[in-house]
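A short worksheet on the structure shown next.
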Amino acid sequence: MVNEVSTRLAEELGAALAKAKIPIKGDKKSLFRIHRDVRFSKDKSPYKTNAGLAMTRSGSKNDPGVLYFHLSPDGCFAAAGFHHPEPQDLARMRRAVVRDPAAYRRMVAALAKADLALSTEDAAKRVSAEFAAVGEPDLLVGVKLKSVICVRRIEETQIYGPALVSTMLEFAKDALPLLNWGWSAIVDER
């Protein structure tokens, strides 16, 4: 049942994203498996208590830059960005903050306009030696991030019915400046 509903959400959202010309794909491959890996866990419960799906430009969960949906008994949220990117990609994004601070600030301002912000939950305590000369506080935040993501809570009333697809589509539009900035930062240095 969970997989069927999640697959339908991924397919409908994928179609809505394509129609809106947002370069993110989704289908049944976007779903995370419902079975837990219990090999090294004391809790041998066979199933996860949450459902999630990750959508990217190529449709592969390994592609950098993701639109993520999470549903659990504790709540529901949407996230977008680069969660624990590969070290070389994270370094490219950090260098992009310093190389073009105006573009970084435009992205942060676009997120703020949509009532979103970069999550600082997973940030380094200190800045690496490469960025020791960075003195502006907003740029320091950018070069300390280990994950470059934004998150929006989804209310329980929005989970049921067709409103969820439009809620996720609206979030994708709001988070697109972050994804575009990250994609260009990663590609520009390759």
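Against the definition (surrounded by 15 or more Cβ atoms within 10 Å (Cβ to Cβ), closer than 14 Å to LEU179 by Cα and of a type in the set (Val, Ile, Thr)), how does VAL98 come out, yes or no? Answer is no for this residue. Checking each residue in segment 1-42 for being closer than 21 Å to ASP74 by Cβ, of a type outside the set (A, V, I, L, M, F, W, C) and modelled with pLDDT under 70 picks out ASN3, ARG33, HIS35, ARG36, ASP37. From the list ALA124, ALA80, the lone residue that is modelled with pLDDT of 85 or more, farther than 23 Å from LYS173 by Cβ and aliphatic (A, V, I, L, M) is ALA124.
Does THR56 fit the bill of being of a type in the set (S, T, N, Q) and either buried (at least 16 other Cβ atoms within 10 Å of the Cβ) or modelled with pLDDT of 85 or more (or both)? When the stated conditions are applied, THR56 passes them. Restricting attention to segment 66-92, report how many residues are in contact with a strand residue (DSSP E or B) (Cβ under 6 Å, 6 or more places away or on another chain) and touching a residue at least 40 places away in the same chain (Cβ under 8 Å). Number satisfying all stated conditions: 11.
Kindly list the number of the only condition in (1) out of contact with any Phe, Trp or Tyr (no Cβ under 9 Å at 6 or more places or on another chain); (2) modelled with pLDDT under 95 that fails for MET168. Among (1) out of contact with any Phe, Trp or Tyr (no Cβ under 9 Å at 6 or more places or on another chain); (2) modelled with pLDDT under 95, MET168 violates only (1). Filtering segment 49-90 to residues that are out of contact with any helix residue (DSSP H, G or I) (no Cβ under 9 Å at 6 or more places or on another chain), under 17 Å from PRO23 (Cβ atoms) and part of a strand (DSSP E or B) leaves only TYR68.
Please specify each residue of segment 72-89 satisfying the condition of being among the aliphatic types (A, V, I, L, M) and surrounded by fewer than 21 Cβ atoms within 10 Å (Cβ to Cβ).
ALA79 - this is the single residue of segment 72-89 that is among the aliphatic types (A, V, I, L, M) and surrounded by fewer than 21 Cβ atoms within 10 Å (Cβ to Cβ).
The values are calculated or read from the model by the stated rules, or taken from the named source; none is laboratory data. Fair warning: this is a prediction, and the values are worked out from it, not measured in the lab. Cβ: placed from backbone, ideal geometry, glycine included. Neighbour counts: every protein chain shown.
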